[in-house]
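Quick notes on the structure that follows.
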Amino acid sequence: MEFPYMEAVVGFMILMYFFETYLDLRQHAALKLPTLPKTLEGVISQEKFKKSQAYSLDKSHFHFVQEFVTIVMDSSILFFGVLPWFWKKSGEFVVLVGLNAENEILHTLAFLAGVMIWSQITGLPFSLYSTFVIESRHGFNKQTIWLFFRDMIKGILLSVILGPPIVSAIIIIVQKGGPYLAIYLWAFMFTLSLVMMTLYPILIAPLFNKFTPLPAGDLREKIEKLASSLKFPLKKLFVVDGSTRSSHSNAYMYGFFKNKRIVLYDTLIQQCKNDEEIVAVIAHELGHWKLNHTMYSFIALQILTLLQFGGYTLVRNSSDLFRSFGFDTQPVLIGLIIFQHTVIPLQHLVSFGLNLVSRSFEFQADAFAKKLGYSAPLRAGLVRLQEENLSALNTDPWYSAYHYSHPPLVERLAALDQADKKEE
């Protein structure tokens, strides 16, 4: 008797849905608390607290609906054999347009085209509601409906251009990889990630946003001075027009080796009270670089990717596994999809572990900025960004431990205060 892999996968998906819904309910209850955490009393105004509460509750209600629809669709697709049915129909489409359905690359591309259309159709209502109802209601959305659809079309076109050669390469590697398949797949994905990290900020990101050099002035001088003092190889300092789409704020850095760049959202510059708060945020980000957090994360990702491909090579020839999901053939892409579903339990554990490490890194980066003398402006900057982004101020400890890659504001301020007391 064959093991019921598909039923086990669907059962675990539903089990995880109930578990995560329980956590969501705990967080929803925390969001409804009528008072601020004691640490934030007198720090966050009541006006901002009420606005943050309303925004967070709106997103929470929306999340419940979206997750319910998602689990119903995903489990139904697997349980009722929609996946093998659609694979068969995509092959018939290839024949209909006069191409060879025996060519696995053409068959796979037709399948993925259908999946992309389905994803766009089913995801569009949620994207529209999130952007033009929730985000607009709370003053964050700045984009027009035209800009929204223009971005969507650009994203589709990029997928059409970049997707086929990548998918074709993966199929060929799997077909010809032999005993070293996992290593070949990892090497390909490693190279691809380096190429994309190089090309994305130069060719892709400018398709969606405008990047301009930060004007000469005190802010630029302070950031350059900070970078120089840490021997950070800063080559370019940009401001991105995030305000054309949203009033949410952010800052990030990227680049290889001696070619590093820092990008500030224009909304970050507008929201922070003074230059010191912005520089403190950058000091935190540079802390990640100085403490090698980025390198450690990249290495961990590569190890996990290699292990994942190693696991895939062990099951890709399992006819029982394919039959359990309704397939009488063993296409490469379908094998990858099935494998991803069968390792869902492990993925949840890995994700939880990575969040623990990420939160530890955030505390370390805060401490690094504090050692540079930015304790007060970092504290003020964190509070201001929390206020301006209307982030959740009351968080359930179970929910945040499971979901958050960054510690809640209360924990970060407590850590900074504890460090201050130790020094005293």
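The values are calculated or read from the model by the stated rules, or taken from the named source; none is laboratory data. What you are looking at is a predicted structure, and each value in this text was computed from that prediction instead of being measured. Positions of Cβ are backbone-derived with ideal geometry, glycine not excepted, and every protein chain shown enters the neighbour counts. Keep in mind that these areas ignore ligands, DNA and RNA; they rest on the heavy atoms of the full protein, side chains included. Shrake-Rupley method; radii C 1.70, N 1.55, O 1.52, S 1.80 Å.
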Listed residue (Val357, Ile121, Gly287) projecting farthest to the positive dipole end of the chain, Cβ model: Gly287
Extension reserve of the Ile121-Asp218 stretch, reckoned as 0.36 nm per residue once the Cα distance is removed: 30.1 nm
Interchain or long-range residues, amide H under 5 Å from Leu214's placed H: Leu237, Phe238, Val239
Whole-Å distance, taken between Cα centres, linking the stretch 176-213 and the stretch 93-135: 22 Å
Cross-link pairs beyond the 27 Å C-alpha cut-off, checked among Lys50/Lys154; Lys154/Lys225; Lys231/Lys371; Lys59/Lys89; Lys32/Lys273: Lys50/Lys154; Lys154/Lys225; Lys59/Lys89; Lys32/Lys273
Phe211 versus Lys176: modelled label distance in nm, points set 7 Å from Cα along the beta carbon direction: 3.5 nm
Label-point separation, Phe132 to Leu203 (7 Å along Cα→Cβ), nm: 3.3 nm
About the Cα centre, charge dipole magnitude for the chain (Lys/Arg +1, Asp/Glu -1 at Cβ), debye: 1000 debye
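Of all accessible surface on the stretch 211-271 at a 1.4 Å probe, what whole percent is carbon and sulfur?
Reported share for carbon and sulfur atoms: 55 percent.
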GNM result for the chain, Cα springs below 10 Å: residue of Trp118, Trp289, Trp186 fluctuating most strongly: Trp118
Span-rule helices in the chain, defined as complete DSSP H runs reaching 24 Å or more along the axis (Cα) with Kyte mean at least 1.0: 104-129, 145-176, 181-199, 293-315
Size of charge dipole - the stretch 1-48 - debye, nearest 20, with Cβ of Lys, Arg +1 and Asp, Glu -1, no other charges: 360 debye
Carbon and sulfur %, accessible surface of the stretch 63-186 computed with the full protein complex present, 1.4 Å: 72 percent
MRE, 222 nm, helices only [DSSP H, n ≥ 4, -39500 (n - 2.57), over the chain, to nearest 500]: -23000 deg cm²/dmol
Sites Glu20 and Val357 - FRET efficiency at Förster radius 22 Å, r taken between beta-carbons, to 0.05: 0.60
Computed lengthening from Ile145 to Leu96, 0.36 nm per intervening residue step minus Cα-Cα distance: 14.0 nm
Solvent-accessible heavy-atom area per residue, rounded to whole Å², over the stretch 205-319 at 1.4 Å: 51 Å²
Cβ-derived FRET efficiency at R0 60 Å, Lys32 paired with Arg323, nearest 0.05: 0.80
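List the GluC sites (Glu not before Pro) in the stretch 19-103 that DSSP assigns to loop (not H, G, I, E or B) and whose Cβ has at most 12 other Cβ atoms within 10 Å. Which are they?
Passing both the DSSP loop test and the Cβ count: Glu102.
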Under 17 Å from the Glu47 label point (7 Å along Cα→beta-carbon), backbone N, the stretch 379-393: 384-391
Burial order of peptide ranges 127-133, 103-109 (average beta-carbon count within 10 Å, highest first): 103-109, 127-133
In sequence order, calculated HN-Hα J values of the stretch 233-247 (Karplus, 6.51, -1.76, 1.60; Hz; x Gly/Pro): x, 6, 9, 9, 10, 10, 10, 10, 7, x, 5, 6, 10, 7, 9
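May I ask for the net charge around Glu20, where only other residues with Cβ less than 14 Å from the Cβ of Glu20 are counted and Lys, Arg are +1 while Asp, Glu are -1?
Value of the local net charge: -3.
For the stretch 302-343, with all protein chains present and a 1.4 Å probe, just round the carbon and sulfur fraction of the accessible area to a whole percent.
Whole-percent figure for carbon plus sulfur exposure: 60.
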Radius 15 Å from Cβ of Leu109, net charge of other residues (Lys, Arg +1; Asp, Glu -1): -2
